[in-house]
Amino acid sequence: MKTLIIIPAYNEEENIKKVVENIIYHFPQYDYIIVNDGSIDSTAEICKSENYAFLNLPINLGIGGAVQAGYRYAKANDYDVAIQMDGDGQHDISYADQMLMLIGDMKADVVIGSRFIENKGFQSSGVRRAGIKILSVLIKICTGVNVNDVTSGFRAVNRKFIDIYSKDYSNDYPEPEAIVSAVMYGGKILEIPVVMNERQGGISSIKFWNSIYYMIKVSLAIVIRRISYGIRRK
């Protein structure tokens with residue numbers, strides 16, 4: 001299957017080269033596209049000087065806008081599968097083969113790399129894990145589907161969801177909403193156990209108060225998206 005790795009990047013000058021060089025030298029069977037999301041550091045300059053494949057967004061759209069730009073690129077270039085992974089070194093692309101196997105065998109439309117199946121590797125803070133659990137329960141109530149690692153940005157989707165996400169993708173903290181959308185559009189979701197690394201450099205954009213805002217906003221967005229889909233069906 002023709003596969004694209006989408007790498008959203010905002011101020012990842014400390015990490016982007018290691019992430020991309022690993023793909024180029026160890027996983028050349030996959031295409032990749034970096035989406036530089038209006039970085040104010042040297043991320044764009046590194047991509048340009050190293051001749052990486054990248055899209056340069058003129059302003060910061062946020063993680064959802066950057067990922068959606070990647071999906072639009074995947075659709076325009078006729079990819080069968082898109083794999084999204086962070087540009088901070090947390091995700092191990094060696095799990096891609098397992099993701100692709102599940103999609104290729106038509107066992108899943110969306111495959112999510114989960115930290116919380118085997119509980120190995122970097123597990124995030126206790127506060128964030130509690131928040132993730134709350135969102136997981138809310139998604140189960142709204143959709144009937146149980147997903148453990150609802151905020152994981154490491155996931156693969158088939159051609160159907162490349163098309164859907166290129167048109168309909170939440171702009172701000174999108175991962176949980178994308179799960180709800182996948183269920184509402186009739187997609188089958190599977191999780192696989194993965195080991196994630198701690199951020200290799202730079203600073204996470206999610207602070208304590210951001211986390212509070214995140215929980216409130218995403219919880220409301222999940223409920224509204226579920227209700228709006230039900231209204232559209234009527």
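The values are calculated or read from the model by the stated rules, or taken from the named source; none is laboratory data. What you see is a predicted model; the values in this text were computed from it and never measured. Every residue, glycine as well, gets a Cβ built from its backbone with ideal geometry; the counts of neighbours run over all protein chains shown.
Inclusion of Asp92 among residues that are under 16 Å from the mean Cα position of the chain (by Cα) and either closer than 26 Å to Asn146 by Cβ or not polar (S, T, N, Q) (or both) is warranted. Answer yes or no as to whether Gly70 is touching a strand residue (DSSP E or B) at 6+ places or on another chain (Cβ under 7 Å) and not hydrophobic (A, V, I, L, M, F, W, C). In short, yes. Restricting attention to the stretch 134-161 and to residues that are within 16 Å of the chain's Cα centre (by Cα), part of a loop (DSSP other than H, G, I, E, B) and among the polar types (S, T, N, Q), the residue that is surrounded by the fewest Cβ atoms within 10 Å (Cβ to Cβ) turns out to be Asn148.
All conditions in (1) in contact with a strand residue (DSSP E or B) (Cβ under 8 Å, 6 or more places away or on another chain); (2) at pLDDT below 95; (3) loosely packed, with under 14 Cβ neighbours inside 10 Å hold for Arg115, with the sole exception of (3).
In the condition set (1) free of Cβ contacts under 8 Å to residues at least 40 places away in the same chain; (2) touching a Phe, Trp or Tyr at 6+ places or on another chain (Cβ under 6 Å), Lys48 is compliant with all but (2). Within the stretch 22-45, the residues that satisfy the criterion of being touching a residue at least 40 places away in the same chain (Cβ under 8 Å) and assigned to a loop (DSSP other than H, G, I, E, B) are Phe27, Tyr30. Pairs linking a residue in the stretch 111-137 that is under 20 Å from Ala156 (Cα atoms) to a residue that is outside any loop (DSSP other than H, G, I, E, B) and modelled with pLDDT under 95, with Cβ atoms under 7 Å and 6 or more positions apart or on different chains, are Arg115/Gly121; Arg115/Met196.
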